[in-house]
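Everything below concerns the one structure shown next.
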Amino acid sequence: MLSSVELSARELGMLKLMADFFADKPELTAKIESYTAAHYALVTTYSENFGIPAEDAIKVFEELQKKVNDSEYIYVKAPAPLRKLLQLPREELDMLRVLIDYFCENPKMAPAGSFLSKRTDALAEAYHWFHGSNGGNGEVSREILKNLIETLQTAVYVKIETLAPLLVTPNPYEAALKQLDIAAEKLNLDPGIHEILKRPMRVFIVNIPVVMDDGSIRVFTGYRVQYNDALGPTKGGIRYHPELTLDEVTALSAWMTWKTAVTGLPLGGGKGGIRCNPKEMSKTELESLTRGYARAMARFIGPFTDVPAPDVYTTPEMMAWIMDEYSEIVGYPAFGVVTGKPINVGGSRGRNEATSRGVMYTVVEAAKHLGINLKGATVAVQGYGNVGYHAAHLLHEIGCKIIAVSDSKGGAFNPKGLDPQKVLEYKNNTGSVVDYPGSGLVTNEQLLELECDILVPAALENQITKANADKIKAKIVAEGANGPTTPEADETLLKKGVFVIPDILANSGGVIVSYFEQVQNQMNYYWSEEEVRDKLKDTITNAFNDVLSMSKQHNVNMRVAAYILAVNRVAGAMLARKGKAITTLESTITPT
Ligand code: NAD
């Protein structure tokens with residue numbers, strides 16, 4: 001869980017003062033000019049302005065410096081009654097750090113330390129020097145400073161998160177709840193059922209000790225959230241990520257619940273993960289961690305209770321380790337405990353690319369509906385992992401032109417088209433798609449805003465937000481990733497006429513073939529790749545058309561339509577199983 005530190009009023013005062021100092025406030029300028037050391041000027045002015053002894057002011061300053069330097073994120077709370085946490089963008093946070101370094105006469109800041117008369121220039125130069133090209137030119141730095149000053153002037157307080165929730169802001173669980181609320185309202189859902197559906201059924205948190213390669217012991221936190229099993233055993237991937245939070249896993253488990261429901265699978269929704277950085281761990285350490293997770297969760301998962309699968313930074317090999325560990329515990333080869341396994345230990349043919357194949361099938365249906373010719377249609381793909389690469393490859397195979405792809409390090413752009421297979425080989429050799437021969441550099445943010453027909457976000461949550469939604473130019477957004485679009489952004493995209501194939505439908509190919517894998521494991525009889533593909537195509541195409549007709553019937557976008565369908569099915573199953581014990585308003589649920 002995140003631990004957060006809120007700045008005291010004094011510390012906030014200090015920040016505001018720093019901002020004032022650079023804002024050329026006349027009342028401060030007079031004082032500052034008379035001092036030689038900026039640090040001393042600041043502390044003294046602070047002490048005078050707030051009636052605090054100078055020694056205390058120094059302490060406040062040092063404490064603030066420590067907190068800001070140790071922190072990854074700062075939130076600025078807007079004045080009541082807005083009561084909303086505003087995230088301070090990375091640039092502003094960096095700017096704040098530069099301000100503090102500047103006042104501390106940090107040796108790193110020497111080039112800027114002597115300019116008291118040209119304060120803004122000095123700061124801009126220092127910022128640029130510190131943050132390289134990311135800091136932009138002097139103009140950009142001055143703009144950041146100006147914005148920071150404005151933000152701080154209107155802030156009631158500043159809150160510092162000491163652990164970096166980089167990819168979970170805005171909170172995906174809040175987004176998941178908002179999406180549920182919209183569907184509940186349209187469905188006139190019974191409030192009791194709505195209450196149940198707002199919360200996960202079960203949550204497990206485990207701490208897993210791992211002996212690292214250097215002999216030290218590290219303890220990693222793992223989660224498994226079983227959100228709802230009204231329709232069947234819970235199902236959902238395991239994510240390894242350094243910034244993973246329980247709220248993120250909970251949101252993902254809720255989305256799994258709606259995803260299995262919208263595609264008509266007899267499964268519930270769950271999700272799991274470990275807060276770790278797999279890129280910094282050896283294979284031995286990862287195996288030990290994965291087996292530790294399997295042992296810790298063995299009592300709670302199983303072929304008939306909850307079946308994990310791969311997700312971000314987890315692989316078929318890891319699924320084999322989990323299956324092996326679980327089998328050792330139960331005493332028989334329990335292939336069905338996880339899906340996404342290698343084919344020689346119970347994996348399904350076609351599982352590896354299934355999510356992306358599903359994305360491709362839904363894009364084909366969307367293009368038919370919108371009258372877009374896919375031959376030569378331009379595609380940008382954010383994230384070049386399992387989902388991103390296969391989506392690029394399969395869309396290329398049906399005639400689309402892949403003009404940009406990216407990974408966590410940045411992107412490659414070529415308006416004449418990229419060869420997905422060659423880009424993958426390049427990424428495997430160099431560790432990134434960046435600088436792929438013949439391509440230009442594009443950031444992850446720029447990629448989303450490219451002129452293209454189809455945009456496939458296939459990385460993580462919160463990529464299309466209210467900050468960039470009005471700059472999206474794609475005609476179709478096919479959500480390979482889970483939760484890439486925030487609810488606010490959804491509204492903007494709808495107004496702009498962008499056709500969004502929502503995550504719970506677009507990327508459901510993964511769980512559909514995972515379900516086929518479970519079925520094959522239980523029968524101990526395996527299908528050909530063609531059979532898997534045909535069944536996947538039928539299932540996801542039917543789901544797409546169900547959602548499309550629901551969207552026409554209720555005059556809502558595809559996401560709301562998918563939620564209406566899914567929530568109605570889950571609620572219907574709850575009602576069928578528990579009857580009047582959970583609701584008195586049967587009539588609100590229409591059988592589908
Ligand atoms: P993966 O680990 O194979 O790939 C993730 C990719 O995203 C990598 O290329 C990584 O470099 C890139 N990435 C990470 N942070 C990024 C950032 N900030 N900006 C741009 N790129 C970034 O994971 P995956 O299995 O392909 O999953 C991707 C998304 O698809 C996730 O949202 C996942 O939940 C969703 N999803 C996966 C499956 C599946 O079957 N694997 C199924 C449904 C949904």
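Rounded to the nearest 0.05, the FRET efficiency derived from the C-beta distance between Ser549 and Lys471 at R0 = 30 Å is 0.45. All C-alpha to C-alpha distances of the stretch 479-529, sorted into 5 Å bins beginning at zero, yield P(r) values of 5, 18, 19, 16, 10, 10, 8, 7, 6, 2 percent in whole numbers. Each peptide among 251-262, 339-350 gets the average number of other Cβ atoms lying within 10 Å of its residues, and from highest to lowest they stand as 251-262, 339-350. With R₀ fixed at 56 Å, the C-beta to C-beta distance from Asp56 to Glu425 puts the FRET efficiency at about 0.35.
Across the stretch 192-314, C-alpha contacts under 8 Å between residues 6 or more apart give a mean separation that, scaled by the residue count, equals a relative contact order of 31 percent. Charge tally around Leu441: other residues with Cβ under 12 Å, Lys/Arg +1 each, Asp/Glu -1 each, net 0. The label point for Asp534 and the one for Val203, both projected 7 Å from the Cα toward the Cβ, are 4.5 nm apart. Other residues whose C-beta falls under 10 angstrom from the C-beta of Arg291 contribute a net charge of -3, scoring Lys and Arg +1 and Asp and Glu -1.
Computed packing ranks the peptides 550-559, 442-451, 279-288, 302-311 as 302-311, 442-451, 550-559, 279-288, most packed first, by mean other Cβ atoms within 10 Å. For Asn462, the residues 5 or more places off, or on other chains, whose built amide H falls under 5 Å of its own are Thr485.
For Gly431, neighbours were defined as the other residues whose beta-carbon sits under 15 Å from its Cβ, and their charges (Lys and Arg +1, Asp and Glu -1) total -1.
Annotation for Asp435 and Val330: the two label points, set 7 Å from Cα along the Cα-Cβ direction, are 4.8 nm apart. Here the Kirkwood formula, the inverse mean of 1/r across different C-alpha pairs, assigns the stretch 431-583 a hydrodynamic radius of 17.9 Å. Packing order of peptides 429-439, 569-579, highest average first: 569-579, 429-439 (average count of other Cβ atoms within 10 Å over each peptide's residues). Measuring against 27 Å, Cα to Cα, the residue pairs Lys409/Lys466; Lys475/Lys537; Lys416/Lys466; Lys341/Lys535; Lys279/Lys537 contain Lys416/Lys466; Lys279/Lys537 as the ones spanning a longer distance.
For Lys368 and Arg295, a Förster radius of 51 Å and the Cβ-Cβ distance give a FRET efficiency of 0.60, rounded to the nearest 0.05.
Values quoted throughout were computed directly from the atomic coordinates according to the rules given, and no laboratory measurement underlies them. Everything numeric here is computed off the predicted structure, so don't read it as measured data. Every residue, glycine as well, gets a Cβ built from its backbone with ideal geometry; the counts of neighbours run over all protein chains shown.
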